[in-house]
Structures are given as structure tokens and as C-alpha cells.
1. Could you check how many residues of the range 152-173 are out of contact with any Gly (no Cβ under 9 Å at 6 or more places or on another chain) and either away from the ligand (no atom under 16 Å from the Cβ) or in a helix (DSSP H, G or I) (or both)?
2. Would you be able to tell me the number of residues in the range 40-57 that are modelled with pLDDT of 55 or more, within 11 Å of the ligand (Cβ to nearest atom) and among the hydrophobic types (A, V, I, L, M, F, W, C)?
3. Please go through the range 188-199 and give me each residue that is out of contact with any strand residue (DSSP E or B) (no Cβ under 7 Å at 6 or more places or on another chain) and farther than 13 Å from Thr243 by Cα, ordered by number.
4. What number goes with the only condition from (1) touching a residue at least 60 places away in the same chain (Cβ under 8 Å); (2) surrounded by fewer than 16 Cβ atoms within 10 Å (Cβ to Cβ); (3) more than 21 Å from the chain's Cα centre (by Cα) that Val291 does not pass?
5. Only one of Gly227, Gly203, Gly259 is part of a loop (DSSP other than H, G, I, E, B) and touching a Ser or Thr at 6+ places or on another chain (Cβ under 8 Å); which?
6. Please verify whether the range 6-15 includes one or more residues that are within 16 Å of the ligand (Cβ to nearest atom) and not hydroxyl-bearing (Ser, Thr, Tyr).
7. Considering each residue of the range 246-276, count those that are closer than 24 Å to Lys17 by Cβ, surrounded by 14 or more Cβ atoms within 10 Å (Cβ to Cβ), at pLDDT 95 or above and out of contact with any strand residue (DSSP E or B) (no Cβ under 7 Å at 6 or more places or on another chain), and give that number.
8. Quick check on my filter: what residues within the range 58-97 are in contact with a strand residue (DSSP E or B) (Cβ under 7 Å, 6 or more places away or on another chain), of a type in the set (A, V, I, L, M, F, W, C) and more than 16 Å from the ligand (Cβ to nearest atom)?
Amino acid sequence: MYWNDLNNNLKAQYNSKVYKLALSSGCTCPNRDGTLGDRGCIFCDGAGAFAEQGDIPAQLEAARDRVAAKAGKNAKYIAYFQSFTNTYGPVERLRKLYTQAMEPEDVVILSVATRPDCLPEETLDLLAELNRTKPVWVELGLQTIHPASARYIRRGYDLPVYEDAVRRLKAAGITVVTHQILGLPGETQHMMAQTAQYIGQSGADGIKFHLLHVLRGTDLAEAWRAGKMQTMELDAYIAALETCVRHLPREIVIHRLTGDGAKRDLLAPLWSGDKKRVLNAIHSAFRRDDVVQGSALM
Ligand code: SF4
């Protein structure tokens, strides 16, 4: 059994566990503000999308408090702008946010989640400049390579846009982490493996796997209630994940094997709310099936 796990990588590099501090940039999203669309991706609940959550030092403080019990004194941190399109705004505003977030000494990485169509040259220059101080990761929500699925989720850009963004980010020396969703309606295990393999060969340095889950208040919830789509069972999710991992080159770092779990607004599948149980089930299946990252590519 082998997969290239983020936590092991970080421990080796920083000699301590590295915790994420989730921050809000207050940026909105072109898929929500009317530029590309006004209902967002089909699964996106948009909660707090436009809300400022306090200034960055105060947010860092609050986020530290949330992990304090497990992190201990010598922990290191990733300042993580996670929700919404965190490069969607004037570059001087972004500069202030990012600089403040990466200022504390124990913040060792800045991670910025965004869309590949929201990386204008001046923002890329800013990220490249900051990357010379501390590593900067940019996370891209690709989710799938299949056009019908991309239309279904209303992603709002085509594959060449992703490819161009990865090329420009890599040329600027920035670490790229790409997100994939498993369980999109109509996608077979083979199709999911095709997406994973594509991401692995796209130049991305890391990948995050998520399960398609239904949140209250989304358009996906309406489709689910109407019986127009179903979510995956745990066994099917694990089987798909195993195939995807086998189709990833060994160099790509796996940041996440499942989504972040327990959500107040989670409607389905309810098993995904128990992240600990899900991770235990994934790890024991990987052991049982001797999953080796990249084995399907040899
Ligand atoms: S790109 Fe992200 S923030 Fe924008 S609608 Fe889609 S999931 Fe929501």
C-alpha cells in the first residue's frame, strides 16, 4: 500500500504537523455575481459568500483558537483562503489580505483557492512575488474533465482555461493543487479515473478528492429531492477513489481523500458527515486492496 500523502510530506519538511487556518477573503465569485452566472455551481451553497469575517489578524487568532487543543505550542500553519474565489478582486486589496495572512512566523504556507479563469497577470505577479517569501499554493476547482459533467455543475469554463492557468502558475513557480469531485451524475468509475489521470499529467503538484454531497439551499438539493440524482454509497466512493489513486503518478501529492465532512446543511449522503469513520474505512480498504499510487500507469 502506498500513496503520496500530504501530511507525511509536510512532517518531513517542517518537522511538525502543519495545521490549516481557514480564512475568509470576502471575495465573491464570477459564477455568482452575474459575470458568468448568478446561481453558482450547482453544489455551492454560497453561505457567507459576500460576508467579511473580520480583519485577517482577528481571523488568524480565531482560527488558531479552533485548532489550539490539538496543535500544541510548536505547530506550524497554512493560511488557507478556502471558500469562494479568493483571487477575485483588486490586486492591492488581495496584497493586503495575503500579506497579513502569511506574516506570522509560524504560518509557513499561503494557500489560495480560486478558479482558473480568475488569474489575471497582475494577480499572478503578486502570487509569484509572495512565493519568494514563503511557499504559495493555488487551488483550482476543476472537478471533472468531462464536458457534460462540467455543464451539469455549471462550472463556467472549459478545459483549455485550466490548462493555461496551470501553465502560467507553474511558470511563476507556484504550487498547484487541483480539486476533483467523485460521484458526479452519469460518471462511471472509468470516467473518474480519466479525470484523475488527466490531473496527474496536467502539471498539478497536488490533488484533493471530494465526494459530491448535497447541501441544503443548493440547486443540487432540488434535483436530489426530485429524485433526479443520487449520491454515492461509501463502498462505491472508496472503489472509485482506489481506481483514481492507481491512475495518479507517484509524484503528485494527495492532499485529501475525502471532503471536509460534517456540515450543518448536509442532506446527502449522510455517511459523509462522519469524516473519521470515512477515513478509517478508506485506509482499511486501501490496506486490504494494497492500493499503490500509480500502479495502473506502469
Ligand atoms: S466557483 Fe466556487 S464559489 Fe463560485 S459558485 Fe462555484 S463552487 Fe461556488
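1. 11
2. So the count comes out to 5.
3. Tyr198
4. So Val291 meets the others, but not (2).
5. Among Gly227, Gly203, Gly259, only Gly259 is part of a loop (DSSP other than H, G, I, E, B) and touching a Ser or Thr at 6+ places or on another chain (Cβ under 8 Å).
6. So the first thing to find is which residues in the range 6-15 are within 16 Å of the ligand (Cβ to nearest atom), and the list is none.
Within the range 6-15, not a single residue is within 16 Å of the ligand (Cβ to nearest atom) and not hydroxyl-bearing (Ser, Thr, Tyr).
7. Of the residues in the range 246-276, 1 are closer than 24 Å to Lys17 by Cβ, surrounded by 14 or more Cβ atoms within 10 Å (Cβ to Cβ), at pLDDT 95 or above and out of contact with any strand residue (DSSP E or B) (no Cβ under 7 Å at 6 or more places or on another chain).
8. If the condition is that a residue be in contact with a strand residue (DSSP E or B) (Cβ under 7 Å, 6 or more places away or on another chain), of a type in the set (A, V, I, L, M, F, W, C) and more than 16 Å from the ligand (Cβ to nearest atom), then Leu60, Ala63, Val67, Ala71, Ala75, Ile78, Ala79 are the ones that fit.
The values are calculated or read from the model by the stated rules, or taken from the named source; none is laboratory data. Values in this document were obtained by computation on a predicted structure and should not be read as measured data. Reconstructed Cβ throughout: ideal geometry from the backbone, glycine too, with neighbour counts over all protein chains shown.
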